[in-house]
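Let me begin by presenting the structure, written as structure tokens, before commenting on it.
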Amino acid sequence: MSKDMVKLSIDGRDIEVPEGTTIWDAARELDIDIPVLCHSTRMRPVGVCRLCVVDVGARNLQASCVRPCEDGMKVETDTPKVERHRRMLLEMLLSDYPEDSAREASTGDDELLELAVRYGIESVRLPDGAADRPRGVDLSSPVIAVDHQACILCDRCVRGCDELQHNDVITRTGKGYDTRIAFDLDAPMGESTCVACGECMAVCPTGALTNQALGNVKLKPLNGE
Amino acid sequence: MKQVPNAMVEQRTTVGFKGVDSLCPYCGVGCALTFRVDASGERILDVQGRDGAANAGRLCVKGRYGYDYAMHPQRLRKPLIRRESSYPKQPLSGDVKGNGGGPRKPGGIVDYDEILPHFREASWDEALDLVANRLAGLRDRHGGDSLAGFGSAKGSNEEAYLFQKLVRAAFRTNNVDHCTRLCHASSVAALLEGIGSGAVTNVVRDIENADTAMLAGCNPTDNHPVAATFIKDAAVNGTKLVVVNTRRPRIADHAEIYLQIHPGTDVALFNGMMHVLIRENLIDREFIDTRTEGFSELRKVVEEYDPDTTAALCGVDPDDLVRAARLLGGGRRAMIFWGMGISQHTHGTDNSRCLISLAMITGNVGKPGTGLHPLRGQNNVQGASDAGLIPMVYPDYQAVDDPGVQAYFEDYWGTSLSPKPGLTVTEIMGAALEGQVRGMYVQGENPFVSDPDTNKVRKALMALEFLVVQDLFLTETAEFADVILPGSSFMEKLGTYTNTDRRVQIGRPAMSLPGEARQDWEIICEIGTRMGYEMRYESVSAVFDEFAGCTENYKTLSHENLGRYGKWYPCLDPATSDGEPIVFGDTFPRGKALLVPARLRQPEEHVDSDYPLILNTGRVLEHWHTGSMTRRSAALDRISPDAFVEINPEDAARLHVVDGAMVEVASRRGSIRLKAKVVPRVAEGTVFVPMHFREACANVLTSPALDPQGKIPTFKYCAVRVRPLEGASHGKEAMGG
């Protein structure tokens, strides 16, 4: 073995992993499901959504998707403090989420709404930031519908485009609340250099990038799939 | 307080779906995917990438959005027989009649109203009996060689195997071929000669282990898009790309060196690189001594190609040539990919010979990060070739003129077989024109659009006494048919497909057949049986077993052990192994590799003052070959609706051609009208026309001149002229669609 191994415990269970393994990956080996929105096993972790935070006994909570395991580390993934933190983050993300998530409405796999259910969040205490400044939709692509209001800036589409497909079309633009994803130098998607591979749509966890062809259907698995 | 949406939208129809693990039907990359299909099996809802060995969940625009052709209303649903009143045979639509013929309605897909009245619906029994009787009649009167068949590289291994068996055993001829002839036939000829095997030595994703990769005459971001993503991954991680192409491909943006050579000078460039490698002693002496033969002859020839003279001949900077050579040698691990820009020339075999020699003298075969990879075009062109859909060989490249092999297959198939190698695609068209080939079975190919020199193909198809076409749609070729049989699309069939990496994977049926359409493999068997040669199988997997049983490479495989993800061949122990991603570590099938030197030859066709530009043809990202599938996909058609010719800004200015304006492109064989796209990616003196658009068919222009070994036409080189069309200076006007 070329890498040194480190020993740690996650939720009281011991595990040994190669040095450099993230806490999130180590937890998966123990079948511990740490919620996350920005990370996917197909991608380089970036730690932007902070939903995967865990308590390692440090001064603040750590994003497990980017934090490497350390020898002797004691990780808690679901303490009340951690859960409170996640609920707050979810409420913030949901505060300006559109009424109709095109992903939930079509393929039923909106990951943000799934987490809202998992955390029992039925209403949001925060003001809707989009009430007087909606972020808009872009239906210029023949295949992909863009709803900026449903975008949580998780960066999955950016990495899907730049790092999986290397088409380098998607980026971010704007500052503060006006930050959103953009195509090329902020062209409409259908007029950009987008090659319509659909990777962004496939990796998007929310209703921000969805399949136009499913615009009026709701898919439901047959035979409990 | 804001309520969290629960996202039940009343306006939407709820559709139950099931997921079917299958493959992409388009290119040779062989991406694994899942079709989500509704309960009726009549509608694919969407496509999701699956974690296959070739794609790791990634897809391109065709794989993800190009599935709806199978659901197109123009799908053929019943067998059709040409009406008595529609003889003598003529092309039926304006587009197929050619210049000045008929009410012209250019653009888009076939107008069924123009074609269908010439045919009547028939029962399967009537249609199949007619086919069998007419083909058997020609065979009995004029001999087996009066018949020929074109199979398809889009079909499964099982279909390819059955098709060549039908032609050999029931037609009694070896006149069976498919579009490999238009694709990599010259690469395969060079590989069989050089190492004794036509398949790739290393899989695409092995590029992650390479220090250098040369991409010659290929345009992977358009033609092998998902493979291109792994090539770009490698470039990001430090692999140096050397890109050689007459027309700048997008992958050149990721290259260390881009060599935009003059068309047809490939051999000189590669010889020049070998000259540098030998002169600077960047070669692998031990590998040359132990694994190759013919080095001294090769050395003598490449000595003539010093970098300065060669670079001038090729139109590149001599320093770039030298740098490119250095990146391939000196113990660096280098991989060579190539495509149609290498193979589709009258010197296609020579081009490949040079690439093989480049790999061999630098010791770049048989270990990780090295090797020879001709990027296969069709999803199953590797498998169709392996299955013997080639006129000179039985399955597994066993020569038809070897008496021992003939005896083996006579025993295996229980009939007598012809010892005479058959004719190739382009030769069959010539023989039809001369009346030697009288009857043809064309399954899933569209030679009217795909073969060179359309005007000649038109005459050849008209000259046939009997033509049966089996396809999904009324293709341009079907206009010449006596009988048209409705076959099965990829999404409706079970079968195995072998990708560019030699990975054998199972495609599974997601949809039910439309109308009375039938499984292609069953139709082939029906024709054989009705011609007096029994072809009966219990299942598709039984066909696979018979095919695998007469090969070395497939003999360990079965539908059962291929499972959800398939295996690379060779695979000695499928129970424990995924197969071999890298082959020939110790020896080549022919023993030592043969280094075959080549000298630059003059092209068959010359540019002159009448035809001053060189035409290159190829594909675009969104379309597939003759467009019969992709132009019936709503998304793909919307993204890429029109034919176009790319022309360099300098040439455009000189010819008064404006971007978007209509122009005429003419060669010595014919002319087409289409929109000009003024772009610097094509070099001055060259133009590019994609092959997909029937209304501006690139092959009206191309030359049927062939490579002497591979018999592949020179799709990448013919002389043309371009002139602007008066009264059509704004591209928006004519040629919609």
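From the list A:ASP178, A:ASP155, A:ASP186, the lone residue that is open to solvent by less than 60 Å² (accessible area, probe 1.4 Å), over 18 Å from B:VAL226 (Cα atoms), of a type in the set (Asp, Glu) and away from every other protein chain (no Cβ under 11 Å) is A:ASP155.
Taking B:TYR69 as the residue in question, decide whether it is away from every other protein chain (no Cβ under 13 Å) and aromatic (Phe, Trp, Tyr). So that I can check it myself, show each step before the final result.
On the way: away from every other protein chain (no Cβ under 13 Å): yes; aromatic (Phe, Trp, Tyr): yes.
Yes.
Whether any residue in the stretch A:161-174 is away from chain B (no Cβ under 11 Å), part of a loop (DSSP other than H, G, I, E, B), more than 22 Å from the chain's Cα centre (by Cα) and without any contact (Cβ under 8 Å) to a residue 12 or more places away in the chain is what I want to check. No, that holds for no residue.
Out of curiosity, is B:ALA213 of a type in the set (A, V, I, L, M, F, W, C) and in a helix (DSSP H, G or I)?
Values: of a type in the set (A, V, I, L, M, F, W, C): yes; in a helix (DSSP H, G or I): no.
Judged against the criteria, B:ALA213 is not a match.
The set of residues in the stretch B:250-260 being more than 13 Å from every other protein chain (Cβ to nearest Cβ) and buried (at least 23 other Cβ atoms within 10 Å of the Cβ) consists of B:LEU259 alone. Reported count of residues in the stretch A:134-171, each being touching a Ser or Thr at 6+ places or on another chain (Cβ under 9 Å), of a type outside the set (A, V, I, L, M) and over 17 Å from A:GLY190 (Cα atoms), is 8.
Conditions (1) outside the structural domain of B:ARG503 (by TED's automatic domain parsing); (2) modelled with pLDDT under 95; (3) under 28 Å from the mean Cα position of the chain (by Cα), marked per residue:
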{"residue": "B:VAL20", "(1), (2), (3)": "yes, no, yes"}
{"residue": "B:CYS31", "(1), (2), (3)": "yes, no, yes"}
{"residue": "B:VAL47", "(1), (2), (3)": "yes, no, yes"}
{"residue": "B:PRO73", "(1), (2), (3)": "yes, no, yes"}
{"residue": "B:ILE81", "(1), (2), (3)": "yes, no, no"}
{"residue": "B:SER85", "(1), (2), (3)": "yes, no, no"}
{"residue": "B:GLY98", "(1), (2), (3)": "yes, yes, yes"}
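Being farther than 28 Å from B:ALA39 by Cβ and assigned to a loop (DSSP other than H, G, I, E, B) is the filter; apply it to the stretch B:512-537 and report the residue that is farthest from the chain's Cα centre (by Cα).
Initially, the stretch B:512-537 is screened for residues farther than 28 Å from B:ALA39 by Cβ, giving B:524-537.
This time we only want the ones that are assigned to a loop (DSSP other than H, G, I, E, B), so: B:531-537.
Values: B:MET531: 30, B:GLY532: 33, B:TYR533: 31, B:GLU534: 31, B:MET535: 28, B:ARG536: 30, B:TYR537: 29 Å.
Only one residue tops the list, namely B:GLY532.
Entry remark, the stretch B:348-406: residues being farther than 21 Å from B:LEU166 by Cβ, open to solvent by 20 Å² or more (accessible area, probe 1.4 Å) and not assigned by TED's automatic domain parsing to the domain that holds B:VAL244 number 3 in total. Annotation note: of B:ASN446, B:ASN455, the sole residue that is out of contact with any Pro (no Cβ under 6 Å at 6 or more places or on another chain) and over 19 Å from B:GLU159 (Cα atoms) is B:ASN455. The set of residues in the stretch B:39-57 that are open to solvent by 20 Å² or more (accessible area, probe 1.4 Å) and either closer than 25 Å to B:ILE582 by Cα or not hydroxyl-bearing (Ser, Thr, Tyr) (or both) comprises B:ALA39, B:GLU42, B:ARG43, B:GLN48, B:GLY49, B:ASP51, B:ALA53, B:ALA56.
I need a count of the residues in the stretch B:290-303 that are open to solvent by 50 Å² or more (accessible area, probe 1.4 Å) and in contact with a His (Cβ under 8 Å, 6 or more places away or on another chain).
Total meeting the criteria: 1.
None of B:ALA189, B:ALA169, B:ALA148 is hydrophobic (A, V, I, L, M, F, W, C) and open to solvent by 10 Å² or more (accessible area, probe 1.4 Å) except B:ALA189.
Here is a check on your reading of the model: is B:VAL37 at the interface with another protein chain (Cβ under 10 Å from one of its Cβ atoms), closer than 18 Å to A:ALA102 by Cα and among the hydrophobic types (A, V, I, L, M, F, W, C)? No; evaluated as a whole, the condition is false for this residue. Of all residues in the stretch A:197-218, those satisfying the criterion of being open to solvent by 10 Å² or more (accessible area, probe 1.4 Å) and within 7 Å of chain B (Cβ to nearest Cβ) are A:CYS197, A:ALA202, A:ASN211, A:ALA213, A:ASN216, A:LYS218. For the stretch B:560-618, which positions are small (Gly, Ala, Ser), part of a strand (DSSP E or B) and over 25 Å from the mean Cα position of the chain (by Cα)? Once the filter is applied, which keeps residues that are small (Gly, Ala, Ser), part of a strand (DSSP E or B) and over 25 Å from the mean Cα position of the chain (by Cα), the stretch B:560-618 yields B:GLY591, B:ALA593. Among residues of the stretch B:345-366 that are more than 9 Å from B:PHE270 (Cβ to Cβ) and touching a residue at least 12 places away in the same chain (Cβ under 8 Å), those with a beta-carbon under 6 Å from a residue that is open to solvent by 10 Å² or more (accessible area, probe 1.4 Å) and among the small types (Gly, Ala, Ser) at least six positions away or on a different chain give the pairs B:THR346/B:ALA705; B:THR349/B:ALA189; B:GLY366/B:GLY585.
Highlighted here are the strands (runs of 3 or more DSSP E) found entirely within the stretch B:670-730 that include at least 2 residues which are more than 25 Å from the chain's Cα centre (by Cα): B:671-678, B:718-724.
Just checking, does the stretch B:452-459 include any residue being without any contact (Cβ under 8 Å) to a residue 24 or more places away in the chain and under 20 Å from the mean Cα position of the chain (by Cα)? Within the stretch B:452-459 (the criterion being without any contact (Cβ under 8 Å) to a residue 24 or more places away in the chain and under 20 Å from the mean Cα position of the chain (by Cα)), the answer is no, since none of the residues qualifies.
From the list A:SER123, A:SER106, which residue is of a type in the set (S, T, N, Q), within 10 Å of chain B (Cβ to nearest Cβ), more than 16 Å from the chain's Cα centre (by Cα) and open to solvent by less than 20 Å² (accessible area, probe 1.4 Å)? From the options A:SER123, A:SER106, the qualifying one is A:SER106. Contact annotation: residue pairs with Cβ atoms under 7 Å, 6 or more positions apart or on different chains, pairing a residue in the stretch B:12-23 that is more than 7 Å from every other protein chain (Cβ to nearest Cβ) with a partner that is open to solvent by 40 Å² or more (accessible area, probe 1.4 Å), are B:VAL20/B:ARG508; B:ASP21/B:ARG508; B:ASP21/B:ARG564; B:SER22/B:ARG508. For the stretch B:185-243, filtering for residues that are more than 14 Å from chain A (Cβ to nearest Cβ) and either under 27 Å from B:GLY388 (Cα atoms) or aliphatic (A, V, I, L, M) (or both) leaves 29.
Within the stretch B:280-303, residues that are touching a residue at least 12 places away in the same chain (Cβ under 8 Å) reach partners that are open to solvent by 90 Å² or more (accessible area, probe 1.4 Å) with beta carbons closer than 8 Å, at six or more positions or on different chains, in the pairs B:GLU280/B:ARG326; B:LEU282/B:ARG326; B:VAL301/B:ARG599. Just checking, does the stretch B:623-635 include any residue being in contact (Cβ under 8 Å) with a residue 24 or more places away in the chain and within 26 Å of B:TYR258 (Cβ to Cβ)? Scanning the stretch B:623-635 turns up at least one residue that is in contact (Cβ under 8 Å) with a residue 24 or more places away in the chain and within 26 Å of B:TYR258 (Cβ to Cβ).
Would you pick out the residues in the stretch A:175-225 that are hydrophobic (A, V, I, L, M, F, W, C) and assigned to a loop (DSSP other than H, G, I, E, B)?
Scanning the stretch A:175-225 gives A:LEU185, A:CYS194, A:VAL195, A:ALA196, A:CYS197, A:CYS204, A:ALA208, A:LEU222.
The values are calculated or read from the model by the stated rules, or taken from the named source; none is laboratory data. Being a predicted model, the structure only gives us computed values, none of them experimental. Please note: Cβ atoms are built from the backbone with ideal geometry, for glycine as well, and neighbour counts cover all protein chains shown. These area figures cover heavy atoms from the full protein model, side chains too; ligands, DNA and RNA do not enter into them. Shrake-Rupley method; radii C 1.70, N 1.55, O 1.52, S 1.80 Å.
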